[in-house]
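Down below is the structure, laid out as structure tokens.
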Amino acid sequence: MRPIVLIGAGRMGQALLAGWMQRGVAPLLAVEPSPSKQLKRFTKKHQVALFARADSIASVRAAACVVALKPQVLKSEAPRLRAIADSGALMISIAAGTNTATLRKAWGAKARIVRAMPNTPGAIGRGISALYAAKGAGAKDKALAGRLLSALGQTLWVKRESDIDVVTAVSGSGPAYVFLLVEALAEAAQAEGLSRIVAQTLARATVAGSGALLDLDPSSADVLRRNVTSPGGTTEAALQVLMAKDGLSPLLRRAVAAARRRAREL
């Protein structure tokens, strides 16, 4: 059986390895030049072959190679993976801002390439990954890529590569926006007189619980919002500020647009 190769075993890479182990994906090879103690223990326990350099596995005929490197690192490391691509492996990149044209220059015109954009909740299996199949990647390739990325949570496919930059700005970067919301809500609670511990506990539990409700209730977000909002009540007073012309919605539009521009720059 041809192995699955992982290039880069940082936080997202380790989440992929853990998800694959749970799903019985094997055999697995991982390349990480600076492995953490946690990674060393994991690979030893689960018999995952760990290498410091991609050159060490250049002769391996892999089924797929998942490249979990940061864009800045991928620029210099991508050419080192040419032999893996030439062996017929499906090449899956989860790097933001690195398009398939750039990857094809490094991996060859015949390389079968899928781009994916997961997010950090994938570390607990609650993420979502958007995938794009470049020309040349067939139905079997898409099925394999979807199976491998489902280790992090939900998956969906987009038809245009440019959509991946938008996905990066929305769900890829989105967890940071949510964490900032928790920080801001806690700070607002402290400003109104609550202690730091109480404020943070309330903010974290409120956002986490609301997310869980979104996950379990099929109602749209606007319906759930209206369900919380009593006419003339406290929530309505707050929403009049958040939904003003200079409120949360236009602010998020500017934030997402800025993230998308940066994805293109990368």
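The values are calculated or read from the model by the stated rules, or taken from the named source; none is laboratory data. Keep in mind that this is a model prediction, so the values were computed, not measured. Please note: Cβ atoms are built from the backbone with ideal geometry, for glycine as well, and neighbour counts cover all protein chains shown.
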With the condition kept exactly as written, say whether any residue in the stretch 40-60 is in contact with a Gly (Cβ under 9 Å, 6 or more places away or on another chain) and farther than 24 Å from GLY172 by Cβ.
no
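Quick check, is ALA145 closer than 19 Å to GLY19 by Cβ and buried (at least 23 other Cβ atoms within 10 Å of the Cβ)? Let's see the steps before the verdict.
Details: closer than 19 Å to GLY19 by Cβ: yes; buried (at least 23 other Cβ atoms within 10 Å of the Cβ): yes.
Spelling it out, ALA145 is indeed closer than 19 Å to GLY19 by Cβ and buried (at least 23 other Cβ atoms within 10 Å of the Cβ).
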Take the residues of the stretch 180-216 that are of a type in the set (D, E, K, R) and part of a helix (DSSP H, G or I): which is farthest from ASN227 (Cα to Cα)?
ARG196
Would you check if there is a residue in the stretch 157-179 being among the hydroxyl-bearing types (Ser, Thr, Tyr), in contact with a helix residue (DSSP H, G or I) (Cβ under 9 Å, 6 or more places away or on another chain), free of Cβ contacts under 8 Å to residues at least 40 places away in the same chain and not in a helix (DSSP H, G or I)?
no
Is it the case that some residue within the stretch 30-50 is within 21 Å of the chain's Cα centre (by Cα), surrounded by fewer than 19 Cβ atoms within 10 Å (Cβ to Cβ) and within 24 Å of ILE164 (Cβ to Cβ)?
no
Restricting the first residue to the stretch 127-138 and requiring it to be under 11 Å from ILE113 (Cα atoms), which pairs with a second residue that is acidic (Asp, Glu) meet a Cβ separation below 8 Å and a spacing of at least six or different chains?
TYR132/GLU161; TYR132/ASP163; ALA133/ASP141; ALA134/GLU161
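Does LYS105 qualify as being of a type outside the set (A, V, I, L, M), in contact with a Leu (Cβ under 9 Å, 6 or more places away or on another chain), modelled with pLDDT of 95 or more and assigned to a helix (DSSP H, G or I)?
Working: of a type outside the set (A, V, I, L, M): yes; in contact with a Leu (Cβ under 9 Å, 6 or more places away or on another chain): no; modelled with pLDDT of 95 or more: yes; assigned to a helix (DSSP H, G or I): yes.
Taking the combined requirement at face value, the residue does not satisfy it.
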Taking only pairs six or more apart or across chains, which ones have beta-carbon atoms under 8 Å, a first residue in the stretch 186-197 that is in the same structural domain as ALA208 (by TED's automatic domain parsing), and a second residue that is loosely packed, with under 13 Cβ neighbours inside 10 Å and at pLDDT 95 or above?
ALA186/ARG196; GLN190/ARG196
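Give the residues of the stretch 27-58 that are aliphatic (A, V, I, L, M) and part of a helix (DSSP H, G or I), sorted by residue number. Reasoning before the result, please.
Filtering the stretch 27-58 down to residues aliphatic (A, V, I, L, M) leaves 28-31, 39, 48-50, 52, 54, 57-58.
Scanning the stretch 27-58 gives LEU39, ALA54, ILE57.
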Has the stretch 87-95 got at least one residue that is in contact with a helix residue (DSSP H, G or I) (Cβ under 7 Å, 6 or more places away or on another chain), surrounded by 17 or more Cβ atoms within 10 Å (Cβ to Cβ), among the polar types (S, T, N, Q) and part of a loop (DSSP other than H, G, I, E, B)?
no
Look through ASP222, ASP217 and report the one residue that is loosely packed, with under 10 Cβ neighbours inside 10 Å and assigned by TED's automatic domain parsing to the domain that holds SER249.
ASP222
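Taking ILE57, is it surrounded by 19 or more Cβ atoms within 10 Å (Cβ to Cβ) and touching a residue at least 60 places away in the same chain (Cβ under 8 Å)? Talk me through it step by step, then tell me what you get.
Working: surrounded by 19 or more Cβ atoms within 10 Å (Cβ to Cβ): yes; touching a residue at least 60 places away in the same chain (Cβ under 8 Å): no.
So ILE57 fails the test.
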Of all the residues that make up the stretch 1-54, how many are free of Cβ contacts under 8 Å to residues at least 24 places away in the same chain and on the phi > 0 side of the Ramachandran plot?
2
Which of (1) outside any helix (DSSP H, G or I); (2) touching a residue at least 12 places away in the same chain (Cβ under 8 Å) does ASP246 not meet, given it meets every other one?
(2)
